[in-house]
């Protein structure tokens with residue numbers, strides 16, 4: 001029986017974030033224990049050089065590659081990933097990885113008792129797997145565990161360049177309708193209104209925070225009551241790679257969050273210790289999961305867009321909405337980059353290039369025929 005985890009937190013980060021990180025680390029260790037022993041120094045390299053979520057993603061990809069070697073090739077005699085030998089890895093060539101990425105990963109099958117499951121990876125997923133394996137093979141070469149660096153021989157994977165007019169986001173009038181829906185419930189079915197009546201203040205606060213700050217899903221999901229300092233007009237969030245950031249509160253968001261805390265959220269002393277500080281709670285008085293928040297956003301945006309709940313927009317689309325709207329209102333691209341925590345300003349520039357009806361305006365004012373011009 002697995003023991004419960006007790007947190008002795010001596011950092012200034014909230015317990016819920018420490019616990020979430022610990023769960024990710026435990027998952028990393030679990031995968032590491034299932035991989036060959038000669039990878040141990042590579043695991044140490046990952047631990048100290050990249051964020052824990054990226055570390056987990058790399059380990060999942062590498063374990064998947066090892067299972068491929070066992071189940072789909074004659075490149076190893078092992079029956080378990082942990083039994084693959086350093087000598088077998090030494091014999092691997094670039095073409096072996098290229099077959100994995102280009103032939104197997106693009107479409108593969110898994111047999112269950114009753115069905116055959118088909119899995120497909122688009123180029124972005126393939127590029128991540130390529131990056132994971134490049135990291136591994138480069139390290140093994142640098143660490144003198146492999147005599148040749150085969151990573152430069154991996155076939156390139158072309159990623160489509162993001163097109164500004166393909167960005168999915170809400171227009172300003174659609175944001176207004178979404179917030180009105182959260183406030184009035186007009187547009188919900190009678191059955192949906194039963195739930196909306198219980199969560200309308202929470203829902204409005206969540207949607208406002210997404211479209212005002214362009215928060216990432218995890219950044220919002222991790223928020224606590226103690227994250228907010230209303231007297232100073234600010235709140236604290238924890239970004240990727242353990243970065244902390246103080247965000248200013250505007251009156252609209254401050255009023256919405258305060259209204260939710262005072263008039264809808266259960267009082268802290270009525271909640272178990274594990275949930276007493278969590279900001280956004282489910283109807284079961286537990287911290288909302290990332291999945292629940294994603295479904296909430298999809299529900300509201302699907303009604304505004306007039307589509308099915310499945311086709312509604314994700315929280316990341318509201319992040320794009322915030323970026324595009326801020327730039328449309330005339331804010332500096334560098335200020336928006338800082339607010340949204342983009343690593344590179346070129347990411348922000350994509351939103352700056354996206355202006356409503358720009359193609360229509362160009363063509364409307366560009367006529368070849370003199371008769372039409374007149």
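Let me have the relative contact order for the range 46-153, percent, based on Cα pairs under 8 Å that are six or more residues apart.
Reported relative contact order: 23 percent.
Among rounded, prolate and oblate, which fits the range 166-357 when a ≥ b ≥ c are the square roots of the eigenvalues of its C-alpha gyration tensor, a/c under 1.5 means rounded, and a/b larger than b/c means prolate? Each step should come with its number before you reach the end.
Details: a/c = 1.87, a/b = 1.19, b/c = 1.57.
Since a/c reaches 1.5 but b/c is at least a/b, the shape of the range 166-357 is classed as oblate.
Compute the acute angle (0 to 90°) between the alpha-carbon long axis of helix 251-263 and the principal axis of greatest extent of the alpha-carbon atoms of the chain; round to the nearest 10°.
The angle comes out near 90 degrees.
Pick from 220, 44, 56: which residue has the top mean-square fluctuation in a GNM of the chain where Cα pairs under 10 Å get a spring?
Maximum fluctuation in the GNM of the chain, among the listed residues, is at 44.
Let me know the shape class of the chain, please: from the alpha-carbon gyration tensor, a ≥ b ≥ c as square roots of the eigenvalues, rounded when a/c is under 1.5, otherwise prolate if a/b is greater than b/c, or oblate. If you can, show how the numbers build up before the last one.
Details: a/c = 1.98, a/b = 1.32, b/c = 1.50.
Oblate, since a/c reaches 1.5 and b/c is not below a/b.
How big is the convex hull of the Cα atoms of the range 246-312, per residue, in Å³? Don't skip to the answer; put the middle values down first.
Details: hull volume 9.0 nm³, N = 67.
It is 134 Å³ per residue.
With springs connecting C-alpha atoms under 10 Å apart, model the chain as a Gaussian network and identify which of 276, 34, 227 has the largest mean-square fluctuation.
Of 276, 34, 227, the most mobile in the Gaussian network model is 34.
Mind telling me which of 110, 310, 240 comes out most flexible in a GNM of the chain, alpha-carbon contacts under 10 Å?
Most flexible of the set in this elastic network: 110.
Quick check: the angle from helix 15-32's long axis to the longest principal axis of the chain, C-alpha only, nearest 10 degrees?
Around 20 degrees separate the two axes.
Considering only C-alpha atoms, what is the centroid distance from the range 112-147 to the range 23-85, in Å?
A separation of 10 Å, based on Cα centres.
Using 7 Å Cα-to-Cβ label points, what is the residue 18/residue 110 separation (nm, one decimal)?
Calculated label separation equals 3.5 nm.
For helix 172-184, what angle does its Cα long axis make with the longest principal axis of the chain, in degrees from 0 to 90 and rounded to 10?
Helix 172-184 sits roughly 70 degrees off the main axis of the chain.
Taking a ≥ b ≥ c as the square roots of the eigenvalues of the Cα gyration tensor of the range 21-61, is the shape rounded (a/c under 1.5), prolate (a/b larger than b/c) or oblate?
Numbers: a/c = 1.73, a/b = 1.25, b/c = 1.38.
It comes out oblate by the Cα gyration axes.
Take every Cα pair under 8 Å in the chain that's 6+ residues apart, average their separations, divide by the length, and report that relative contact order as a whole percent.
On the way: 381 pairs, mean separation 47.3, N = 374.
The value is 13 percent.
R0 = 25 Å: FRET efficiency of residue 74 with residue 50, Cβ-based, nearest 0.05?
Values: r = 33 Å, r/R0 = 1.31.
Step by step, r from the Cβ atoms, then E = 0.15.
Each value in this text was obtained by applying a stated rule to the coordinates, not by laboratory testing. The structure presented is a predicted model; accordingly, all values stated were derived computationally and were not measured. We place every Cβ from the backbone using ideal geometry, glycine too, and count neighbours over all the protein chains shown.
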